[in-house]
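These notes concern the structure reproduced below.
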Amino acid sequence: MGVRAAEGESVTDEYGPGRATAGFHEVYGTEPGGVWAAPGRVNLIGEHTDYNDGFVMPLALPHTCLAAATPRTDGVLRLHSGDAPGGIVELRVEELAPVAGGAGGGDRGGWAAYPAGVVWALRDAGLLTGAAGGADLHFESTVPTGAGLSSSAALEVVTATALSDLYGLEIPPGRIAQLCQRAENVFVGVPCGIMDQMASACCTEGHALFLDARDLTQRQVPFDLAAEGLRLLVVDTRVKHELGDGAYANRRAACESAAEAIGVPALRDVPFEGLDATLAQLERLDCDETTRRRVRHVVTEDRRVEEVIELLDAGDTRSIGPVLTAGHASCRDDFEISCAELDLVVESANAAGALGARMTGGGFGGSAIVLVAEADAEAVGKAVTEAFGAAGYGTPRIFPAVPSAGARRL
């Protein structure tokens, strides 16, 4: 789904429930049963660690996907987006099933595969039976697509949250996240980890979410940058990425094969202090250098998450900057998921006085984050924009990341 914002305009959550209600009425001719919201997210630290059972620390953005919805009793699912071309996508709930091979989205109109997959996952889990699950839904979104800010997770989570309320299922937020991840993995065919859905479902205003992706234990960590005279900027490079093109899956497969080779359940089980010994073991097992670099990224990135949480707990937020920059170098060199535009954001921001910067999200384009002193925010943003112009790139979209609330009914 696209985001309806003018070129160069800062993206804000400008729509609100009234707009979603009006859009629903225009499409379906009736009033919705309610309006729900689920946010996009930015990841402070912990990239590609979630599917390795590791640690992550995302925060929810104020940018949301809204769903105006009402239930149906005839087993028909009707989906409409105010941000995507085309009209209503109509499906039979009882006929929803993953396409053989796992690429469920191919036959279902692109964006509509995500909410359709959620309905399938709810039914597959036994939470929706009979004609339940039928619904009319209209979506509006301010989460930029292809920017590494989890627009797809927001779409999934808002669908599950709306259906949970409409049908009185009372599904806890963590369980909603798991069902949405299953929808994306099995129905849509993207082998993502759990972080994006957990962030959209579980984050709270004014906090970052410290999440253990293995057992899903979580802690809300106070993250009030304004009180410390700091700001976290999101720089959307406008370079679009597709996680279903094989690059993401290849990274995950390399991590899983390395874990199997050394005999651990996941790379999370490799201690940071034992990294050198593990890399030497992989070399003896004839694992190639690329695989060893993938392992090094995951193990050191988990340690960086621990460093950030230690610094935040100590009230030393400014000192997380160099950790962010080190994380970018690892994503760029060891995991090879950066690109020239993301590298330029980090280089130009740090040169202009930022405290630290790194790419965020799945990679291969998308966004970077920049930690700056409040007084330097404008100058750093200008430096990044000018660097893009000098390199012949399009103008980036820059806006502050304000830790916001997770999914809820409006």
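Qualifying GluC sites (Glu not before Pro) in segment 101-200, where qualification requires a DSSP coil assignment and no more than 15 other C-beta atoms within 10 Å, comprise GLU170. For Rg/Rh (Cα atoms, Kirkwood Rh), the value calculated from this model appears in [x] 1.64; [y] 0.94; [z] 0.97 under label [z]. Do you know the relative contact order of segment 122-263, to the nearest whole percent, from alpha carbon pairs under 8 angstrom that are 6+ apart? Contact order relative to length: 21 percent.
Of all the accessible heavy-atom surface of the chain, with the other protein chains kept in place and a 1.4 Å probe, what percent is carbon and sulfur?
Working: 7310 of 15060 Å².
Carbon with sulfur: 49 percent of the solvent-accessible area.
With each pseudo-label sitting 7 Å past Cα toward Cβ, what's the TYR393-GLU260 distance in nm, one decimal? Each label point lies 7 Å from its Cα, and together they span 3.7 nm. The relative contact order of the chain, computed from alpha carbon pairs under 8 Å that lie at least 6 residues apart in sequence, is 23 percent. Considering helices alone, the calculated mean residue ellipticity of the chain at 222 nm is -11500 deg cm²/dmol, with DSSP H runs of length four and up weighted by -39500 (n - 2.57) and normalised per residue. Separation between the GLU336 and ASP316 pseudo-spin-labels, each 7 Å from Cα along Cα→Cβ, expressed in nm? Result: 3.6 nm between the two label points.
Give me the 1.4 Å probe accessible area per residue for the chain, excluding ligands and nucleic acids, in Å². Can you show the working numbers first?
Details: 15060 Å² over 410 residues.
Ligands and nucleic acids excluded, the result is 37 Å² per residue.
Segment 354-387 to segment 65-85: how many Å between their Cα centroids? The distance from the Cα centre of segment 354-387 to that of segment 65-85 comes to 36 Å. With all protein chains in place and ligands, DNA and RNA left out, the 1.4 Å accessible area ranks GLU95, GLU310 as GLU95, GLU310, largest first.
Taking the convex hull of the Cα atoms, report for segment 268-410 its projected area averaged over all directions, in nm².
11.5
Overall, the chain carries a charge dipole of about 540 debye about its Cα centre when +1 sits on the Cβ of Lys and Arg and -1 on the Cβ of Asp and Glu, all other atoms neutral.
Express in nm, to one decimal, how much length is gained between ALA131 and THR290 on full extension, taking 0.36 nm for each residue of separation and deducting their alpha carbon distance.
Gain on stretching ALA131 to THR290: 52.3 nm.
The value of relative contact order for segment 224-326, using C-alpha pairs under 8 Å at least six residues apart, is 20 percent.
The values are calculated or read from the model by the stated rules, or taken from the named source; none is laboratory data. Keep in mind the model is a prediction, meaning the values are calculated, not measured. For neighbour counting, all protein chains shown are included, and Cβ atoms are generated from backbone atoms with ideal geometry for every residue, glycine included. Ligands, DNA and RNA are excluded from the accessible area calculation, which covers all protein heavy atoms including side chains. Shrake-Rupley method; radii C 1.70, N 1.55, O 1.52, S 1.80 Å.
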